[in-house]
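To start, the structure itself, in structure tokens.
The values are calculated or read from the model by the stated rules, or taken from the named source; none is laboratory data. This one's a predicted model, so the numbers in the text were calculated from it and none came from an experiment. Neighbour counts are summed over all protein chains in view; Cβ atoms, including those assigned to glycine, are modelled from backbone coordinates with ideal geometry.
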Amino acid sequence: MKHHTREQLQVFAQIEPEYRPLSMSRRERLERWAEVLEQSPSRHLATLYETEHQSAAVRDTLRSDGSPISVAFEDTVLRAAGMENDTYGEALRFFELRDWQLHGVICYCHFGATVNAQTAAELVRSISTGERSGLFARLRALFVG
């Protein structure tokens, strides 16, 4: 490997003085997450165990290899947009979610040990579009239309 000074590199490449994250709106970030999940729709993804029973400090550090959050973090576009890691707390911050929204996508109590990637994608997309997908929303749609 040959080492070059900054001045020498400027002959070969344009050097940006600072890194600027890719600008994406909340909706674009959520849509991208859904799209990444849909790339392997039948994949079984790990859930996080009883997120609702953890203190906020513990919950923020929860993570699991092969979870819907880790799938998002593996995506170079989402990392370029500023996603820093694959923890529960980072997903809340980066995707601008409320705790109950992320809980509905990732928690063991809804799916058991794994959630299907297509199901997770549909839940993320419903957050993005503002649609409700819970039991009461489905009952309401059934009776009210």
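For Lys2, the criteria (1) touching a Cys at 6+ places or on another chain (Cβ under 9 Å); (2) modelled with pLDDT under 90 hold in every case but one, which is (1).
A count restricted to the range 92-128 and to residues that are more than 19 Å from Gln54 (Cα to Cα), assigned to a helix (DSSP H, G or I) and either in contact (Cβ under 8 Å) with a residue 40 or more places away in the chain or charged (D, E, K, R) (or both) stands at 10.
Note on the range 5-40: residues that are of a type in the set (A, V, I, L, M, F, W, C), over 30 Å from Gly66 (Cβ atoms) and either at pLDDT 95 or above or assigned to a loop (DSSP other than H, G, I, E, B) (or both) total 2. Listed by first and then second residue, the pairs with beta-carbon distance under 6 Å, at least 6 apart or on different chains, first residue in the range 61-84 and within 11 Å of Trp33 (Cβ to Cβ), second modelled with pLDDT of 95 or more and small (Gly, Ala, Ser), are Pro68/Ala120; Ile69/Ala91; Leu78/Ala72.
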